[in-house]
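Quick notes on the structure that follows.
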Amino acid sequence: MKDRLVVPIEQLRRTWDPGAMGFKTTEELPVLEGLVGQDRAVASLQFGLAMRSPGYGIYVAGPSGTGKTSYTIALTRSFAAKQPAPQDWVYVHNFDHPDEPLTLAFPPGTATTFSREMEELIRDGRALAGQAQTSEDYRKSREELVRQVRNQMAVIAEEIESMARETGFALSRTEQGPVPVPVMKGQPITEEQFTALPPEAKREIGDRAQVIQVAIVEAGRKTMELEKLLQGQLRDLDMRVAQGALAPGIKRLKDKYKHLPQVVDWLNRAELEMAGSTIPDHVEGKTGADEAAAAAELASMGMRKRRVDPYARFRVNVFVIRHKKVGAPVVVETNPTYQNLFGKAEYFNVGDGPLEDVAMQIKPGAIHRANGGYLVLQAADVLRSPYSWEALKRALSTHEARIEALGQENRALPLEIVRPQPMPLDVKVILIGGSGIYHMLYAQDEGFHKLFKLKSEFDVTLEATEANVLGLAGFIAQVCRRDNLKHFTAEAVSAVIEHSHRLAEDQTKLSARFNETVDVVYEANAWAEQAQSRYVEADHVWRAVREKQARSSLSEMHLQEMIERGTILFDIDGAVAGQVNGLTVMNVGDHSFGSPSRITARVYLGQKGILHIEREIAMSGQIHDKGLFTLTAYLGDRFAQDKPLAFSASVAFEQTYVPVDGDSASSTELYALLSALADLPIDQGIAVTGSVNQRGQVQPIGGVNEKIEGFFRVCQSLGLSGRQGVMMPRRNLPNLALSQEVLEAVKAGQFHIWAVSTIEEGIEVLTGVPAGQRGPDGRYTAGSVFDRVDRRITGFAQKGLQWNHGENYT
């Protein structure tokens, strides 16, 4: 049985014939087109890019290193280049609601022209209006308006003066305006004279003064009305002059953009507003002293006075500009914060003055730049950024891209809240991330599956077909050309492919983690350069693999030293009952290695069943506990059909101080129990891995290569005797990709690999005794392992019964 279950050396690793590659070096290979082996993912992605219906966002799923991000971006750009370019967008001033700037759409590539034309119009308008306002006709019209109003003001002033004289008063001019002063004998009364007057005279003067004061107030009101009238008349005059100066330019623009109704409507309003903006500062009645006083008041409040440009509101903010020949935009946002995605407006404090140029302060985000095209985001980055994910879903649901201020309610000083008009949104969003994020969002986020109905999933492995093997060779050639590396020989490519099987842990698969393949290419090239080789050879590839493992193997080396010194108790020779060498995989950063562990079992009279020490002290995981219950069920099926399992047993991982999980040791624990119950020693030169089901079938496990190589290195350091080896599940044979060192030891007969399918096969390999078959009478073959176990359990049951009836009491 033991010899029959030995794995032939040709099954320990899949090799590739370099002569069948069809090339001698990778420099002969053509340029690689497309992605190697991901046909299903590529087809899904292509369909998703072509589907423009709402809700058909794309989620590109898969592990890192498979090339999903680079390929998705490349394919999207290639697809977008064939699409028509979307519209240009600008923001302009809203004359009715300055805090809500308006959007205007233009054919691709024309918004910049419109902005430049508006700048030229503003410049020319300033010059023409200025020339008109220096003309003789303008000066005469202005002087006539001022003269008429001043004459009316003079009449009002003369009426007040006359009224004051008739009532015995004169008017004194003060900073607060005219003040009535009583007159006696043609001269103003002094304070001493007024004090000497009798009370009746004082009262009579006060009554007359009050009447005059009322008249002064009424005169002031009439004067202010005349000033307002003058300002309006002068403004109308200036508007007529400015309209005449600007009319030709405005008309030219309206004719040019008559096919854009919204643009024409804005130009019509701008024409009126622009004319009003040419009013000189002195007409507004604001003097330099007034401006200085206002600035000082704002400064005392911690604010600043922003210089106002009356023409700023006619400028055009070119928000998003396209190019006709480029196609649809593809935007890859690597830092999807809220502002990077949805843009921002540079606001001013409330003391900064009116919002003439607020439209110019609006900055686009990635979603605006991608509008009409494609936006590529990393799902994890979007979810980590506050507000971004919810805002993205809202934008896709409403088909609007809004720019909103965040945290306004938490500010100590208020800002001018600017709410730009939302932009109509038509964008295909492509999220790239792991499958775990996809399943989490699909299960917990109601809006996700409504917005991202398409999934393109990249696999971690590829079928090892001739086409994919040649594709992997082409990928190596592409890396060599791109990064100016030495080309690989066919033998070196074969070595990379064999290593790819190792990464995939499958002889029928290749690893799709191309970043790991690139690492091997880089490092093999470095060793080839040191050797001054023209090409990268197979030896350079295998050295790169070995050296990379060696750089990360410090923890493995320390464990190996403890075994060599006897700090960790471990036997690789002899035979011991109830003791088996199990195999586990340790993951330390970027390095995984197999670590042997002694598993022991002890049986004794009792009713507790199987007690697992790690489980009792909560050092085992749920999967490991499942394996324990499974082997208990197996024992019940084999040995408790006519009697109870009336015994107690303890199972332990010796010298293990970390949590234990996984069911890959369940068969090993079962072997230890069977050995202890049968009192048959187990060969300590054989290490075991594999899980077991209730029927006794040995099931495949992970990390089979690391486990075999880990035990091999222990045996190598303690001394190979030619009897050592590893017993593994037969169903793991396709996963074998063992190192050249192990292969050489197997070929020399110094190390062995056995593959078993059932517990019966495994116990025979370990003990050298047949497992035994159940006969018609329900008993197992005499002298077999199961016969000894059955008799032992029967003995425990009988002794337990005697004990319970008090027959052992004396």
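The values are calculated or read from the model by the stated rules, or taken from the named source; none is laboratory data. Here the structure is a predicted model, which is why all the values come from computation and not from measurement. Neighbour counts are summed over all protein chains in view; Cβ atoms, including those assigned to glycine, are modelled from backbone coordinates with ideal geometry. Just so you know, the surface numbers come from the protein's heavy atoms only, side chains and all, with ligands and any DNA or RNA stripped out. Shrake-Rupley method; radii C 1.70, N 1.55, O 1.52, S 1.80 Å.
Extension gain for A105-A748 works out to 223.6 nm (0.36 nm per residue, less the C-alpha to C-alpha distance).
Remark: spin-label model distance A215-E741 equals 12.0 nm, labels positioned 7 Å along the Cα→Cβ axis. Which of the three applies to the stretch 659-726, rounded, prolate or oblate, going by the alpha-carbon gyration tensor with a ≥ b ≥ c and a/c under 1.5 meaning rounded? Oblate.
Projection of the Cα convex hull of the stretch 660-810, averaged over all directions and equal to a quarter of that hull's surface, yields 12.4 nm². Rg then Dmax, both in Å and based on the Cα atoms of the chain: 46.2, 156.
The share of alpha-carbon pairs in the stretch 16-60 lying farther apart than 13 Å comes to 69%. For the stretch 740-810, the equivalent ellipsoid derived from the Cα gyration tensor has semi-axes of 41, 16, 8 Å, listed largest first. Each Cα pair of the stretch 111-180 feeds into the Kirkwood radius, which the Stokes-Einstein equation turns, at 37 °C and 0.692 mPa s, into a diffusion coefficient of 198 µm²/s. Accessible surface for the chain, divided over its residues, is 50 Å² per residue with a 1.4 Å probe. Maximal additional length on extending the Y138-F47 stretch stands at 25.9 nm, based on 0.36 nm per residue less the C-alpha distance.
Taking the protein heavy atoms of the stretch 435-555 in the context of the full set of protein chains, the accessible area attributed to carbon and sulfur is 47 percent at 1.4 Å. When shorter helices are ignored and each DSSP H run of at least 4 residues is given -39500 (n - 2.57), the per-residue value for the chain at 222 nm works out to -15000 deg cm²/dmol. In the context of the full protein assembly, M586 retains an accessible surface of approximately 70 Å², using a probe radius of 1.4 Å and ignoring ligands and nucleic acids. What does the charge count around G710 come to, taking other residues whose C-beta lies under 13 Å from its C-beta (Lys +1, Arg +1, Asp -1, Glu -1)? Computed value for this residue: -2.
The length gained by stretching the chain between A405 and S757 to full extension, at 0.36 nm per residue less their Cα-Cα distance, is 120.1 nm. Counting Cα-Cα pairs of the stretch 381-523 in 10 Å increments starting at 0 gives whole-percent bin shares of 9, 26, 19, 19, 16, 9, 3, 0. Electrostatic bookkeeping for P336 treats Lys and Arg as +1 and Asp and Glu as -1; over the other residues with beta carbon under 10 Å from its beta carbon, the sum is -1.
For the stretch 75-226, the calculated P(r) over all alpha carbon pairs, in 10 Å bins from 0 to the bin holding the longest distance, is 8, 19, 15, 13, 12, 11, 10, 7, 4, 2, 0 percent. With Rh defined as the Kirkwood radius, the inverse of the mean 1/r over Cα pairs, the Rg/Rh of the stretch 180-223 is 1.08.
In the structure shown, do any of K325/K363; K2/K707; K486/K747 have a Cα-Cα gap over 29 Å, and if so which? Table pairs above 29 Å Cα-Cα are K486/K747. Partners of K453 within straight-line reach, counting lysines whose Cα lies under 18 Å from its Cα and excluding those fewer than 8 residues away in the same chain: K393, K428.
Loop-resident chymotrypsin sites (Phe, Trp or Tyr not before Pro) (DSSP state other than H, G, I, E or B) in the stretch 632-722 with no more than 10 further Cβ atoms inside 10 Å of their Cβ: Y657. Model label points for D124 and A380, set 7 angstrom from Cα along the Cα-to-Cβ axis, are 5.7 nm apart.
Counting heavy atoms of the protein chains alone, D683 has an accessible area of about 20 Å² for a 1.4 Å probe. Sparse packing (at most 14 other Cβ atoms within 10 Å of the Cβ) combined with a DSSP loop state is found for the following trypsin sites (Lys or Arg not before Pro) in the stretch 172-244: K185. The label-point distance for T781 and N515, in a model that sets each label 7 Å from Cα toward Cβ, rounds to 5.4 nm.
Taking other residues whose beta carbon is less than 13 angstrom from the beta carbon of Q193, and scoring Lys, Arg as +1 and Asp, Glu as -1, yields 0. Rounded to the nearest 0.05, the FRET efficiency derived from the C-beta distance between R4 and R695 at R0 = 22 Å is 0.55. Taking R0 as 60 Å, what's the FRET efficiency between L229 and V326 from their Cβ-Cβ distance, rounded to 0.05? The formula returns an efficiency of 0.55 here. Volume per residue of the convex hull around the Cα atoms, evaluated for the stretch 15-132, comes out as 237 Å³.
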